[in-house]
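Accompanying notes for the structure given below.
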Amino acid sequence: AHLQFSLILFILVWALAAQVSATPYHDPYGNALETNELVFLIIIIGLGSWFTTEREDNAESTAMAWALCGTLGLCGVMVAAIFGWGMYLACFSAKADSQQKRESQKIA
């Protein structure tokens with residue numbers, strides 16, 4: 001289990017480094033969402049590694065379980081916020097277009 005944990009952690013950290021250095025999406029919100037997703041995945045994998053070995057049910061295990069649940073809840077809040085922002089932009093597309101034009105003019 002430790003080899004699998006190490007490999008997946010290596011892959012996720014490598015993907016995070018590639019995401020941060022390359023910023024492949026034109027939309028900065030897409031880059032931020034992908035970066036946050038990778039950070040949360042790394043945190044969840046790190047916290048979940050606590051349970052790869054046999055442990056007695058104690059206060060530390062309960063705290064780690066709550067931390068995992070809290071991280072999952074933060075992921076849900078992030079996805080809901082991004083969905084809400086996307087729906088706002090879809091409903092008020094004229095505002096989104098003018099905002100994109102202003103940002104494009106700043107870059108140019």
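The values are calculated or read from the model by the stated rules, or taken from the named source; none is laboratory data. Everything numeric here is computed off the predicted structure, so don't read it as measured data. Counting neighbours? That spans all protein chains shown, and the Cβs are built from the backbone with ideal geometry, glycine included. Note: accessible area is taken over every heavy atom of the protein model, side chains too, but ligands, DNA and RNA are not part of it. Shrake-Rupley method; radii C 1.70, N 1.55, O 1.52, S 1.80 Å.
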Exercise. Could you grab me the full set of residues in the stretch 61-76 that are open to solvent by less than 50 Å² (accessible area, probe 1.4 Å) and not hydrophobic (A, V, I, L, M, F, W, C)?
Key: Ser61, Gly70, Thr71, Gly73, Gly76
Quiz item: Among the residues of the stretch 18-51, which ones are at pLDDT 85 or above, farther than 20 Å from Gly70 by Cα, open to solvent by 60 Å² or more (accessible area, probe 1.4 Å) and part of a helix (DSSP H, G or I)?
Solution: Val20, Ser21, Ala22
Quiz item: Taking Val79 and the conditions (1) among the β-branched types (Val, Ile, Thr); (2) surrounded by 11 or more Cβ atoms within 10 Å (Cβ to Cβ); (3) over 21 Å from Thr23 (Cα atoms), which numbered condition does it fall short on, given that it satisfies the others?
Solution: (3)
Quiz prompt | Breaking point among (1) loosely packed, with under 11 Cβ neighbours inside 10 Å; (2) modelled with pLDDT of 90 or more, for Met87 | solution = (2)
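Can you confirm whether Ala67 is in contact with a helix residue (DSSP H, G or I) (Cβ under 7 Å, 6 or more places away or on another chain), at pLDDT below 80 and not in a loop (DSSP other than H, G, I, E, B)? Spell out the reasoning first.
Values: in contact with a helix residue (DSSP H, G or I) (Cβ under 7 Å, 6 or more places away or on another chain): yes; at pLDDT below 80: no; not in a loop (DSSP other than H, G, I, E, B): yes.
In short, no.
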Quiz item: Quick check: is even one residue across the stretch 52-60 assigned to a helix (DSSP H, G or I), within 24 Å of the chain's Cα centre (by Cα) and surrounded by 13 or more Cβ atoms within 10 Å (Cβ to Cβ)?
Solution: no
Exercise. Determine, yes or no, whether Phe5 is part of a helix (DSSP H, G or I) and within 23 Å of Gly86 (Cα to Cα).
Key: no
